[in-house]
Amino acid sequence: MAANKKKPDQVTDTGHEWDGIRELNNPCPRWWLNALYLSGLLVVVYFVLYPSLPLVNGSTKGLLGWTQIKEYKEDLAKVEARRGPFEKKLAMMTAEEILADQEMLNYAIGSSKVLFGDNCAACHGMGGTPVEGAGYPVLADDDWLFGGTINEIMMSIANGRAGMMPAHADLLNSEEVDQLVQFVIDSSKGVKNEAGLALYNTKGCVACHGADAKGVKAMGSANFTDKIWRFSGDEEQIRHTILHGVNAANDPATRIAVMPQWSEKLAIMIEARQYAIEEDEDPNEIDWDDELDGDEAERLTETEIKKLAVYVHQFGGGQ
Ligand code: HEC
Ligand code: HEC
């Protein structure tokens, strides 16, 4: 190339020729050869500095003592050093305090995405919107079965939830079922249905769904008066719920809707704190040795659940 100014007829060839094209015997360009020698040298340098030769147990260590796992641990330590102060502060705060502190709120939300993806999204979907018809409640709307305050959400996560609705296949005749289906549909549209309401009251629906049919938080019963459906607004689906119930023990066709428990320990602690507040006692004075056996199941830590509650609250439906 640039270093090779000779014309083709001044150069020896290799003796190969195809259709008049001769293969010349030019030396390789200098820059190219230098690069080749340099890369050979680099191999030797790397060989000496880094782990290289595989041995029966492990490999040669290299002069630098570098390992991939060490590098990973150093990076991790850096991340934890950055997170450490936040995590410590978070552990001391109540969920309500986190909601009121923009910096901590940002941190809690940012660090909950993976937590939610790993533990919750399989049922509730990324962002709290599950696949339609899968039977899991939407967490991103403001319709709550068990309540949408931060503490209610925290309790839902800590203790798990399971709404119970009895199967009514043996309790109602088909005409009554039709009327109740219609009543539920009418309620969601704000249409008055006196005959349906009378049945609703006499057949016991009122005990769980409430006098105003808006649902009762303590039971996690569905609200009929909005357009947000727990399962479906489809007539056949409503009929199915009424006939076979939800988590009804003796009906194989019942809907199953169980939210797993993530920390028995935290659930007991929340209840004990609430009780103390109701009794005008100081929740900081609770003797936890009395309340807890020490063998309570904990799939997530208190701080993780606090973060998740804040995260869910921020989906848009928190109250
Ligand atoms: C195995 C599926 C499943 C997983 C995993 C799951 N949930 Fe649930 N969750 C449910 C079901 C089902 C319900 C509704 C229970 C009912 O119908 O009574 C529910 C209810 C809830 C509620 C109450 C909603 C309301 O309207 O009051 C919250 C809050 C919640 N889940 C948050 C979470 C969080 C946070 C996680 C992850 C730590 C999680 N869930 C993991 C199935 C699941
Ligand atoms: C023991 C309490 C209880 C009684 C009695 C009861 N329900 Fe329910 N019902 C529930 C609960 C709890 C849910 C929500 C279940 C869940 O999400 O896990 C529910 C859900 C429903 C739904 C689903 C609504 C939706 O948005 O998809 C319908 C429809 C319904 N009930 C109708 C009725 C009717 C009609 C009656 C009376 C014949 C009745 N229920 C009696 C507790 C009850």
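Data overview
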| read-out | value |
| --- | --- |
| Answer from SER39, SER52 - the residue that is among the polar types (S, T, N, Q), on the phi < 0 side of the Ramachandran plot and in a helix (DSSP H, G or I) | SER39 |
| Residue within the range 71-84 that is in contact with a Leu (Cβ under 7 Å, 6 or more places away or on another chain), assigned by TED's automatic domain parsing to the domain that holds GLU152 and surrounded by 10 or more Cβ atoms within 10 Å (Cβ to Cβ) present | no |
| Search result, residues across the range 203-252 that are within 7 Å of ligand 2 (Cβ to nearest atom) and among the charged types (D, E, K, R) | LYS203, ARG230 |
| Residue within the range 287-309 that is assigned to a loop (DSSP other than H, G, I, E, B), within 16 Å of ligand 2 (Cβ to nearest atom) and of a type outside the set (Phe, Trp, Tyr) present | no |
| Residue within the range 244-252 that is within 14 Å of ligand 1 (Cβ to nearest atom), in the same structural domain as GLY125 (by TED's automatic domain parsing) and either surrounded by fewer than 19 Cβ atoms within 10 Å (Cβ to Cβ) or among the aliphatic types (A, V, I, L, M) (or both) present | no |
| Close pairs from the range 63-79: first under 25 Å from VAL44 (Cα atoms) and without any contact (Cβ under 8 Å) to a residue 24 or more places away in the chain, partner outside any loop (DSSP other than H, G, I, E, B) and β-branched (Val, Ile, Thr), Cβ under 9 Å, at least 6 apart | LEU63/VAL48 |
| Selected residue [assigned to a helix (DSSP H, G or I) and in contact with a Cys (Cβ under 9 Å, 6 or more places away or on another chain)] from ILE242, ILE268 | ILE242 |
| Pairs where the first residue, in the range 150-176, is at negative phi and the second is assigned to a strand (DSSP E or B), C-beta under 6 Å, 6+ apart | ALA158/SER263; ARG161/MET259; ALA162/VAL258; GLY163/VAL246; MET165/VAL246 |
| GLU281 vs. criteria among the charged types (D, E, K, R), more than 16 Å from ligand 1 (Cβ to nearest atom) and surrounded by 14 or more Cβ atoms within 10 Å (Cβ to Cβ) | no |
| Given (1) surrounded by 11 or more Cβ atoms within 10 Å (Cβ to Cβ); (2) not in a loop (DSSP other than H, G, I, E, B), number of the condition LYS61 does not satisfy | (2) |
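The values are calculated or read from the model by the stated rules, or taken from the named source; none is laboratory data. The shown structure was predicted, so the numbers you read here are calculated from the model rather than taken from an experiment. Counting neighbours? That spans all protein chains shown, and the Cβs are built from the backbone with ideal geometry, glycine included.
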